[in-house]
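Peer 1: Just dropping this structure here.
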Amino acid sequence: MSTFVMRDAVVQEQFDWGTIGWRLVPSAGARALVVMDVVLQPGGGHDFHRHPDQEEMIIVRSGEIIQFIEQESRLLAQDDSVFLEPGVIHASFNRGPVPARLQVVIGPSGGGKTGYALVDVSDQDPWRSLRPA
């Protein structure tokens, strides 16, 4: 069902590293996409993980992040982005002094409440040693 998604309708979920605002999820009628507003607090990050069957696009709306694709990293600033194929290990870290605001799009939806499926690999080598200090 096509609908407007107003700011106050976005469900916020808190984590120790920041916040996810669930903008478009299966329970809102989405079959193919998951869209999230992500805020990484200074010093926070979404540690190394992969999405086995989902593509992902991360767009930096404000602030800066250190973005990993496998073992390669790059500093991304406002309006920079990264595309990730299914199964690619990646991580995003905010080492700046202000919150980093990201728009994240994942597809296809994995079903369930959020449509978001991930495998955490942050406790495995070499990923655990790559996390910035």
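The values are calculated or read from the model by the stated rules, or taken from the named source; none is laboratory data. Worth saying up front: this structure is predicted, and the values here are computed from it rather than measured. Positions of Cβ are generated from backbone atoms using ideal geometry, with glycine treated the same way; all protein chains shown enter the neighbour counts.
Peer 1: On the given criteria, is ILE58 at pLDDT 95 or above, touching a Lys or Arg at 6+ places or on another chain (Cβ under 6 Å) and crowded, with 20+ Cβ neighbours inside 10 Å? Break it down into steps so the answer makes sense when it comes.
Peer 2: On the way: at pLDDT 95 or above: yes; touching a Lys or Arg at 6+ places or on another chain (Cβ under 6 Å): no; crowded, with 20+ Cβ neighbours inside 10 Å: yes.
Spelling it out, it is not the case that ILE58 is at pLDDT 95 or above, touching a Lys or Arg at 6+ places or on another chain (Cβ under 6 Å) and crowded, with 20+ Cβ neighbours inside 10 Å.
Peer 1: Report yes if VAL82 is loosely packed, with under 15 Cβ neighbours inside 10 Å, among the β-branched types (Val, Ile, Thr), under 20 Å from ARG131 (Cα atoms) and at pLDDT 95 or above, otherwise no. Let's see the steps before the verdict.
Peer 2: Details: loosely packed, with under 15 Cβ neighbours inside 10 Å: no; among the β-branched types (Val, Ile, Thr): yes; under 20 Å from ARG131 (Cα atoms): yes; at pLDDT 95 or above: yes.
The answer is no for VAL82.
Peer 1: A further question follows. Of the residues LEU118, LEU102, LEU40, which is within 11 Å of the chain's Cα centre (by Cα), within 20 Å of GLN12 (Cβ to Cβ) and surrounded by fewer than 15 Cβ atoms within 10 Å (Cβ to Cβ)?
Peer 2: Details: LEU102 fails: surrounded by fewer than 15 Cβ atoms within 10 Å (Cβ to Cβ); LEU40 fails: surrounded by fewer than 15 Cβ atoms within 10 Å (Cβ to Cβ).
None of the others qualify; the one that does is LEU118.
The rows are residues; the columns are (1) part of a strand (DSSP E or B); (2) of a type outside the set (D, E, K, R); (3) under 19 Å from GLY87 (Cα atoms); (4) touching a residue at least 12 places away in the same chain (Cβ under 8 Å).
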{"residue": "SER27", "(1), (2), (3), (4)": "no, yes, no, yes"}
{"residue": "ARG31", "(1), (2), (3), (4)": "no, no, no, yes"}
{"residue": "VAL38", "(1), (2), (3), (4)": "yes, yes, no, yes"}
{"residue": "PRO42", "(1), (2), (3), (4)": "no, yes, no, yes"}
{"residue": "HIS46", "(1), (2), (3), (4)": "yes, yes, yes, yes"}
{"residue": "HIS49", "(1), (2), (3), (4)": "yes, yes, yes, yes"}
{"residue": "PRO52", "(1), (2), (3), (4)": "no, yes, yes, yes"}
{"residue": "ILE58", "(1), (2), (3), (4)": "yes, yes, yes, yes"}
{"residue": "ARG61", "(1), (2), (3), (4)": "yes, no, no, yes"}
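Peer 1: Would you check if PRO126 is at pLDDT 95 or above and over 18 Å from VAL38 (Cα atoms)? Give the derivation first.
Peer 2: Working: at pLDDT 95 or above: yes; over 18 Å from VAL38 (Cα atoms): yes.
Criteria met by PRO126.
Peer 1: Looking only at the range 66-97, filter to residues that are β-branched (Val, Ile, Thr), part of a strand (DSSP E or B) and out of contact with any Phe, Trp or Tyr (no Cβ under 6 Å at 6 or more places or on another chain); which one of those is nearest to GLY21 (Cα to Cα)?
Peer 2: Going through the range 66-97, the residues β-branched (Val, Ile, Thr) turn out to be 66, 69, 82, 88-89.
Now narrow it down to the ones that are part of a strand (DSSP E or B): 66, 69, 82.
Cutting the leftovers down to out of contact with any Phe, Trp or Tyr (no Cβ under 6 Å at 6 or more places or on another chain) gives us 69, 82.
Values: ILE69: 23, VAL82: 19 Å.
Ranking the qualifying residues of the range 66-97, first place goes to VAL82.
Peer 1: Continuing with the same structure: Here are some residues: VAL11, VAL88. Which one is among the aliphatic types (A, V, I, L, M) and farther than 16 Å from VAL121 by Cα? Spell out how you get there, then give the answer.
Peer 2: Values: VAL88 fails: farther than 16 Å from VAL121 by Cα.
Criteria check complete, one pass: VAL11.
Peer 1: Within the range 98-121, which residues are modelled with pLDDT of 95 or more and not in a strand (DSSP E or B)?
Peer 2: Matches in the range 98-121: VAL98, PRO99, VAL121.
Peer 1: Is it fair to say GLU70 is in contact with a His (Cβ under 8 Å, 6 or more places away or on another chain), charged (D, E, K, R) and under 15 Å from ALA117 (Cα atoms)? Quick ask: steps written out before the conclusion?
Peer 2: On the way: in contact with a His (Cβ under 8 Å, 6 or more places away or on another chain): yes; charged (D, E, K, R): yes; under 15 Å from ALA117 (Cα atoms): no.
Answer is no for this residue.
Peer 1: Continuing with the same structure: Among residues belonging to the range 1-37 that are among the basic types (Lys, Arg) and within 22 Å of GLN54 (Cα to Cα), point out the one that is surrounded by the most Cβ atoms within 10 Å (Cβ to Cβ). First the steps, then the outcome.
Peer 2: Narrowing the range 1-37 to residues among the basic types (Lys, Arg): 7, 23, 31.
Right, trim to within 22 Å of GLN54 (Cα to Cα) and you get 23, 31.
Values: ARG23: 20, ARG31: 10.
Going through the qualifying residues, I end up with ARG23.
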